[in-house]
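Taking it in order: structure first as structure tokens, then the write-up.
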Amino acid sequence: MNDTPGWTSPGSAPSGGQDGSGVPRPAGPADVNGSTSQWSKDQPPAGRWSPPTDRTPPPGPGRNWGAPPPGAQWGRPPAAKPGVIPLRPLGMGEILDSAVKTLRAYWRTVLTITAAVAVLAQTAHTLVQRYLVPKTPALDPDATPAKELRQSLESARASLIGVGPDLLVTLVASTVSAALLAVVVSRAVLGRPITLGTAWREARPRLLPLLGLTLLLAALGAGIMLVGLLPGLLVGGAPGIVLAVLGGFGALILNVWLMVRFSLASPALMLERGSVVQSLTRSAKLVRGSWWRIFGITLLTQLLIFVFVMIIAIPFTIIGFVVDGEALSGLLSGSADSVGWPFLIVTGIGGVITSAVTYPISAGVTVLLYVDQRIRREALDLELIRAANRPDPVPGAETVGG
């Protein structure tokens, strides 16, 4: 017996094997004067009606009867996909996969950007390691508390001299690559081609604001960490150590929360062309209610990048030790003078390879998270569909946030 509304088999016999004598039936048709029916008495018996043979009957109920076609849902057509992503809310796997698709589809532009930035950054890193990193001073185990404090400060100063310029170079390199790649990914979403010159012309006016945003976030994180550690450092001794650990842990949690909350400020600044404060506000608004989701996707991306970096860096480091026999002893002793050029060049090549691949993946995930959040909250997919259907006669006329 078919209970599905909207479709029933005509002339079907009652279920249960009954002859239907007790089932009320409609009266036979009568003419307009109320007389008895003039229809022929030779009618087919009830329950033996058969459909015309020249027509295909509707499908009967089965396992997949009533189900939508694969990849679609009733009432919801497939999402438009002019570029690397379908214009609908994205899953975590789709975001990671689309970042890789962008690298493959625009590999000439992307690798030109990232390779150039990586070479400059790695060259600066190599020069810093070779000429600026001082030898770590040896600590005297029999030193007085005052001398021990002075030795600790000298050791910290030596570390900052080596790490500071390296961090600054990395910061500038990541800012430039993030700016250029944000433009590339925004065009990849629309399926539009883009050259290196076009990406540079669109990104160049936003480089200084983006650098200011990056420095502001770095200073904010460092300030929070300093505030968390300062009470323990001032107290000193065992209580000070406990206080410093607790304060540092709390500062770390706050920094992670702020990092995720403002993680979409960079693409917002590049694509919406607002100010630094407006970009921070936009990021906080887009992340609100989705903090854990964005944190999980960002953490997974960084873990995958870390695994890839280790896969590339470990072989190059081993080769560097083989080529430069004194490098291992120099690194263990903390002497930069013992690390020769062969080791730095070999490891630098590995660093260029990893940076050229990881920069676009990281930047691509960030921009796609920004696009995904705007699709979920602001129906950006409708605007993107209209933008994708419009002609783009002027290079650089269409971007996600424009």
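The values are calculated or read from the model by the stated rules, or taken from the named source; none is laboratory data. Everything numeric in this text was worked out from a predicted model, so none of it was measured. No Cβ is skipped: glycine too gets one built from the backbone with ideal geometry, and neighbour counts run over all protein chains shown.
Some values worked out for this structure:
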| read-out | value |
| --- | --- |
| Selected residue (only one of 224, 241 is free of Cβ contacts under 8 Å to residues at least 40 places away in the same chain, closer than 27 Å to residue 179 by Cα and part of a helix (DSSP H, G or I)) | 224 |
| Test for residue 176: is it surrounded by 15 or more Cβ atoms within 10 Å (Cβ to Cβ), out of contact with any Lys or Arg (no Cβ under 8 Å at 6 or more places or on another chain) and assigned to a helix (DSSP H, G or I) | yes |
| Boolean, residue 242 is under 26 Å from the mean Cα position of the chain (by Cα) and within 30 Å of residue 257 (Cβ to Cβ) | no |
| Test: residue 236 is at pLDDT below 90, more than 30 Å from residue 79 (Cα to Cα) and surrounded by fewer than 16 Cβ atoms within 10 Å (Cβ to Cβ) | yes |
| Elements of type helices (runs of 4 or more DSSP H) contained in region 287-402, each with 2 or more residues being within 24 Å of residue 116 (Cβ to Cβ) and either touching a strand residue (DSSP E or B) at 6+ places or on another chain (Cβ under 7 Å) or modelled with pLDDT under 80 (or both) | none |
| Selection count where residues are in contact (Cβ under 8 Å) with a residue 60 or more places away in the chain, in a helix (DSSP H, G or I) and over 18 Å from the mean Cα position of the chain (by Cα), scope region 245-275 | 1 |
| Given (1) hydrophobic (A, V, I, L, M, F, W, C); (2) surrounded by fewer than 16 Cβ atoms within 10 Å (Cβ to Cβ); (3) modelled with pLDDT of 75 or more, number of the condition residue 115 does not satisfy | (2) |
| Residue 194 vs. criteria in a loop (DSSP other than H, G, I, E, B) and among the hydrophobic types (A, V, I, L, M, F, W, C) | yes |
| Yes/no for residue 280 being over 25 Å from residue 94 (Cα atoms) and either of a type in the set (S, T, N, Q) or part of a helix (DSSP H, G or I) (or both) | yes |
| Single residue of region 56-112 satisfying the filter (surrounded by 13 or more Cβ atoms within 10 Å (Cβ to Cβ) and small (Gly, Ala, Ser)) that is modelled with the lowest pLDDT | 79 |
